[in-house]
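The values are calculated or read from the model by the stated rules, or taken from the named source; none is laboratory data. Worth saying up front: this structure is predicted, and the values here are computed from it rather than measured. Heads up, the Cβs are rebuilt from the backbone with ideal geometry, glycines too, and the neighbour counts pull from every protein chain shown. These area figures cover heavy atoms from the full protein model, side chains too; ligands, DNA and RNA do not enter into them. Shrake-Rupley method; radii C 1.70, N 1.55, O 1.52, S 1.80 Å.
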Amino acid sequence: MKAGGNLVILPIENNYHLSWKFDVYTISPTEKRVFAYIDAMTGNYLFEEDRFQYIDHPVNAPSVYNGTVPIVCDSVNTTLFILRETGRGGGIEIRNMNNGGNYATATDITSQSSAWNILPTQQHGIDVLFGLESSYDYFLQQFGRNSIDNAGLKLNGFINYSNSGVSLFNTNGFVFGKQQDSTILPATSLEIVA
């Protein structure tokens, strides 16, 4: 696509709009990439088309606290797997804050294989995904609840928050700090995550 977008005709609900089509993506392409359509006459935002297709892939992955656990992850292709899934409510996504405190700069936790042989500092992300998936399933099966708000709220998990051993829930999601003492494991066991 040329810089500045392409002029296209976009059909929406039996109407046709002369529109500019832009290829929009974040700095980290695995995060978000869309075609955005802008009405050429009014400048109004009309529509966005997600360019990423997520494939939920069940795997058995090595956790820190529970041995090998069944999780569902995103299989972008045969050599890229991401700790996120879309099959429960609005989805579940686990990101690495890399010892920082800025949620916007958190990165995907990825693996080159479905065996999830990743760095030990990221491995407790598997525990968080397993815990959130297990909790979601329990509340759905026992009480008919679709996520914590019963409206499909996306569950976000963040690991390696700052240099704090704290585990908490805030408006960003479930946050798990990294212990300053490297001999103490992060607090991401099932009873804490759930």
### Carbon + sulfur, % of accessible area of the chain - ligands and nucleic acids excluded, 1.4 Å
53 percent
### Query
Mean separation of Cα pairs under 8 Å and 6+ residues apart, divided by the residue count of the chain: what relative contact order is that in percent?
15 percent
#### Entry: Amide H contacts of Phe174 (H built 1.01 Å from N, under 5 Å, at least 5 apart or other chain)
Asn156, Gly157, Phe158
#### Entry: Helix 120-143 vs. the chain, principal-axis angle (Cα, 0 to 90°, nearest 10)
80 degrees
### Query
Per the helix-only calculation at 222 nm, which mean residue ellipticity applies to the chain, given -39500 (n - 2.57) for every DSSP H run of n ≥ 4 and division by its residues, nearest 500 deg cm²/dmol?
-4500 deg cm²/dmol
#### Entry: Charge-dipole axis of the chain as Lys and Arg at +1 and Asp and Glu at -1 on Cβ define it, positive-most pick from Met97, Thr86, Leu185
Met97
### Task
Please name which of Ser113, Asn172, Phe35 has its Cα lying farthest along the dipole of the chain towards the positive end, using unit charges on Cβ (Lys, Arg +1; Asp, Glu -1) and the Cα centre as origin.
Phe35
### Query
Using the Cα gyration tensor of the range 43-162, with a ≥ b ≥ c the square roots of its eigenvalues, what is the shape: rounded (a/c below 1.5), prolate (a/b larger than b/c) or oblate (neither)?
rounded
### Task
Please identify, among Ile12, Ile82, Ile94, the residue showing maximal mean-square fluctuation in a Gaussian network model of the chain using a 10 angstrom Cα cutoff.
Ile12
